[in-house]
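The values are calculated or read from the model by the stated rules, or taken from the named source; none is laboratory data. No experiment lies behind these values; they were computed from the predicted model shown. Neighbour counts are summed over all protein chains in view; Cβ atoms, including those assigned to glycine, are modelled from backbone coordinates with ideal geometry. Keep in mind that these areas ignore ligands, DNA and RNA; they rest on the heavy atoms of the full protein, side chains included. Shrake-Rupley method; radii C 1.70, N 1.55, O 1.52, S 1.80 Å.
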Amino acid sequence: MIHAASTEERERLLADFIRLCEIESPSGRERGVAQALSEELRGLGIEVDEDDSAGRTGSDSGNLLARIAGPEGAPTVLLCAHMDTVPLDGPVEVVSDNGLLTNRHDAILGADNKAAVVTILGAVRRLVRDGAPPAGIELLFTTGEEQALNGAKAFDMSRLSADFGYVFDHATPVGEIVLASPTYYSVEARFRGQAAHAGIRPEAGHNAIAAAARAIAAMRIGRLDAETTANVGRIEGGTSANVVAERCYVELETRSLDAERASEVVTEMVDAIQEAASDSECDVETSVQRLFRGYRLPRTAPAVEVAAAALKDNGIEPSYITTGGGSDANVFIPAGLNVVNLANGTERNHQPDESVTLEALESMLEVTVSLVRQAALVAAQTTLGD
C-alpha cells in the first residue's frame, strides 16, 4: 500500500525543512534548533525534557526527549535524529528547484540530519492528529553527533523504555538499511624537534614536520581492504620557512567493520610514528582514542524486520548495506538498545553541494509513520502466535 502525504503535509514538511536548515546549528550551537523543536512538540501537547548533558558535551543545549503513550501492552519505538551539523563555511538559504533542495551559498545545506528531524516531526503530527498512535513513541534529538557522537554518549540510556528504535542518519537512497558499522579510532601525534636557522645552521635542527612526513609515508592510507580504511586528516606545524620546524601536529583515523583489524591498523600507525620520530631525533607524544564501537545486525533482528515491512508498505524494496560511517546507533547498540540506522535520502552530506529532494522527505515521512504502525502489527501477530 503506497501512502501519499496531503498537500498540507507536503507544504508543512518543506516549510519545516527550510526553517530548521536556516537555523544554523554546528556542533556546540544547537540551542536554536532545540528551542524550535521544543515549541513545535509542545504545540502538539507533547511534553519535552532537555537533559543536563550540555555541560559535559560543550554544547549550548542538552539532548531532547519526548514521549507519546501507546495502547497498553503495545511496544514502544524510539525515533532518533541529531540536531547538529558539521561547521558551516557560509550562511544557509534553502532553494527549491523542481523539488531539489540545496543551499544557495557555497556551504552545506544541513540535511544531515535535519531531513530526519523534519520527517520525524511530520510523522508525529500525523499520528497525533489521527488519535492515539498504535505503539508508544520515544523521540530523542541529540546534540554533538558530528563530534564523535558526544550527545548520545552523554545521554542517560536508562531513561529510555523503547523495545527497539531507529536513527535516520545515512546519506544514501531511501530504502537502505544499515546492518553493520565500523569501530573507529582517532590517533593524534605531537612531534617535537629542535628549532634552528634553516639557512645558517640547519644541521643543529631536528625537523618535526619532516619526522611527521616520514611517519605518514610509512603508513598505508586510504582503503586498506573491503572493510577497513585509514586517513590522515590534519597536519600543522612550524613557524616560518626560514626556521627548522620544532613542532608538528598530525591527526589520523582508522575504522573497520572488523574491530580487531582496526586495532591492528592503529598499532601500525603508532609504530610508524615512533620509528619516524626516533630516526629524525625528535620526541613524540601519541594519543589513541576509540571514539565508537562497531556493530553487526542480522536481517532477522525484529527492528530490521519491522523496517523492511515499513519500506515495503510504501512500495520501497529494502536494500541491506554496510557502512564506513558512524551514527548514534554506534552508541545505542553496544549499550544494549536494539536500533537500526536507516538511510534518509540525503545526498553528498558534509559537502557544499549537499542536497535532498522533497520526494525523499515525503517518502521518509511515510516510512516513519509505517515504522510505528508495523511495530504494533508485528507485536500483535507475535502475541497471536504465542
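Which residue is nearest to ASP163 (Cα to Cα), if the candidates are limited to segment 126-149 and must be open to solvent by 10 Å² or more (accessible area, probe 1.4 Å), in a helix (DSSP H, G or I) and not β-branched (Val, Ile, Thr)?
Here the residue is ARG126.
Which one is farthest from THR143 (Cα to Cα), of the residues in segment 47-97 that are among the charged types (D, E, K, R) and touching a helix residue (DSSP H, G or I) at 6+ places or on another chain (Cβ under 6 Å)?
Of the residues in segment 47-97, the ones among the charged types (D, E, K, R) are 47, 49-52, 56, 60, 67, 72, 84, 89, 93, 97.
This time we only want the ones that are touching a helix residue (DSSP H, G or I) at 6+ places or on another chain (Cβ under 6 Å), so: 56, 60.
On the way: ARG56: 11, ASP60: 9 Å.
Result: ARG56.
Under 6 Å by Cβ, and 6 or more places apart or on different chains, what pairs join a residue from segment 118-140 that is over 25 Å from MET157 (Cα atoms) with one that is outside any strand (DSSP E or B) and open to solvent by 10 Å² or more (accessible area, probe 1.4 Å)?
Cβ pairs passing all conditions: VAL128/LEU44.
Assigned to a strand (DSSP E or B) and surrounded by fewer than 18 Cβ atoms within 10 Å (Cβ to Cβ) - does that describe any residue in segment 167-183?
Checking segment 167-183: at least one residue is assigned to a strand (DSSP E or B) and surrounded by fewer than 18 Cβ atoms within 10 Å (Cβ to Cβ).
Considering every residue within segment 346-356, establish whether at least one is in a helix (DSSP H, G or I), more than 14 Å from the chain's Cα centre (by Cα) and over 26 Å from ASP258 (Cα atoms).
Keep residues of segment 346-356 that are in a helix (DSSP H, G or I), which gives none.
No, because not a single residue in segment 346-356 is in a helix (DSSP H, G or I), more than 14 Å from the chain's Cα centre (by Cα) and over 26 Å from ASP258 (Cα atoms).
Working only within segment 32-75, note down all residues that are touching a residue at least 40 places away in the same chain (Cβ under 8 Å), of a type outside the set (Gly, Ala, Ser) and open to solvent by 30 Å² or more (accessible area, probe 1.4 Å).
Matches in segment 32-75: GLU40, LEU44, ARG56, ARG67, PRO71.
Looking for whichever is buried (at least 16 other Cβ atoms within 10 Å of the Cβ), in a helix (DSSP H, G or I) and modelled with pLDDT of 95 or more here; the options are VAL266, VAL340. Which one fits? It would help to see each step written out before you state the result.
On the way: VAL340 fails: in a helix (DSSP H, G or I).
After ruling out the rest, the residue left standing is VAL266.
All but one of (1) assigned to a strand (DSSP E or B); (2) closer than 16 Å to LEU37 by Cα; (3) not polar (S, T, N, Q) hold for LYS114; state the number of the condition that does not hold.
Unmet condition: (1).
For ALA107, only one of the following conditions fails: (1) surrounded by fewer than 23 Cβ atoms within 10 Å (Cβ to Cβ); (2) more than 19 Å from GLN351 (Cα to Cα); (3) within 21 Å of the chain's Cα centre (by Cα); (4) aliphatic (A, V, I, L, M). What is its number?
With (1) surrounded by fewer than 23 Cβ atoms within 10 Å (Cβ to Cβ); (2) more than 19 Å from GLN351 (Cα to Cα); (3) within 21 Å of the chain's Cα centre (by Cα); (4) aliphatic (A, V, I, L, M) applied to ALA107, the lone miss is (2).
What residue, among those in segment 158-191 that are over 20 Å from MET364 (Cβ atoms) and among the small types (Gly, Ala, Ser), is nearest to the chain's Cα centre (by Cα)?
ALA180
If I go through segment 306-328 residue by residue, how many of them are buried (at least 17 other Cβ atoms within 10 Å of the Cβ) and farther than 23 Å from ASP225 by Cβ?
Final tally of qualifying residues: 11.
Can you tell me which residues in segment 199-238 are open to solvent by less than 40 Å² (accessible area, probe 1.4 Å), out of contact with any helix residue (DSSP H, G or I) (no Cβ under 9 Å at 6 or more places or on another chain) and assigned to a loop (DSSP other than H, G, I, E, B)?
Result: GLY205, single match.
Hey, any hits in segment 192-202 for a residue that's under 31 Å from the mean Cα position of the chain (by Cα) and among the hydrophobic types (A, V, I, L, M, F, W, C)?
Checked segment 192-202: no residue is under 31 Å from the mean Cα position of the chain (by Cα) and among the hydrophobic types (A, V, I, L, M, F, W, C).
Do we find that VAL250 is over 22 Å from SER327 (Cβ atoms), of a type in the set (A, V, I, L, M) and open to solvent by less than 80 Å² (accessible area, probe 1.4 Å) in this structure? Lay out the reasoning, then the answer.
Numbers: over 22 Å from SER327 (Cβ atoms): yes; of a type in the set (A, V, I, L, M): yes; open to solvent by less than 80 Å² (accessible area, probe 1.4 Å): yes.
Yes, satisfied.
Would you pick out the residues in segment 269-291 that are more than 26 Å from the chain's Cα centre (by Cα), touching a residue at least 24 places away in the same chain (Cβ under 8 Å) and part of a helix (DSSP H, G or I)?
Residues satisfying the conditions are VAL270, ALA272, ILE273, GLU275, ALA276, ALA277, ASP279.
So in segment 76-100, with the set limited to residues that are farther than 30 Å from VAL378 by Cα and of a type in the set (Val, Ile, Thr), which one is surrounded by the most Cβ atoms within 10 Å (Cβ to Cβ)? Talk me through it step by step, then tell me what you get.
Kept after step one, since they are farther than 30 Å from VAL378 by Cα, are these residues of segment 76-100: 83-100.
Pick out the ones that are also of a type in the set (Val, Ile, Thr) and you get 85-86, 92, 94-95.
Numbers: THR85: 28, VAL86: 17, VAL92: 21, VAL94: 19, VAL95: 12.
So the residue we want is THR85.
For the condition closer than 17 Å to ARG129 by Cα, touching an Asp or Glu at 6+ places or on another chain (Cβ under 6 Å) and not hydrophobic (A, V, I, L, M, F, W, C), what is the one hit in ARG42, ARG31, ARG67, ARG12? Give the derivation first.
Details: ARG42 fails: touching an Asp or Glu at 6+ places or on another chain (Cβ under 6 Å); ARG31 fails: closer than 17 Å to ARG129 by Cα; ARG12 fails: touching an Asp or Glu at 6+ places or on another chain (Cβ under 6 Å).
Among ARG42, ARG31, ARG67, ARG12, only ARG67 is closer than 17 Å to ARG129 by Cα, touching an Asp or Glu at 6+ places or on another chain (Cβ under 6 Å) and not hydrophobic (A, V, I, L, M, F, W, C).
Look at ALA123 and say whether it is of a type in the set (Gly, Ala, Ser), closer than 18 Å to PRO75 by Cβ, assigned to a helix (DSSP H, G or I) and open to solvent by less than 20 Å² (accessible area, probe 1.4 Å).
So ALA123 fits the description; yes.
Quick one: what pairs do we get from segment 213-236, first residue more than 14 Å from ALA259 (Cα to Cα), second among the hydroxyl-bearing types (Ser, Thr, Tyr), C-beta under 6 Å, 6+ apart or different chains?
ARG223/THR229; GLU236/TYR249
What about PHE155, is it over 23 Å from THR300 (Cβ atoms), out of contact with any Leu (no Cβ under 9 Å at 6 or more places or on another chain) and surrounded by 17 or more Cβ atoms within 10 Å (Cβ to Cβ)?
no
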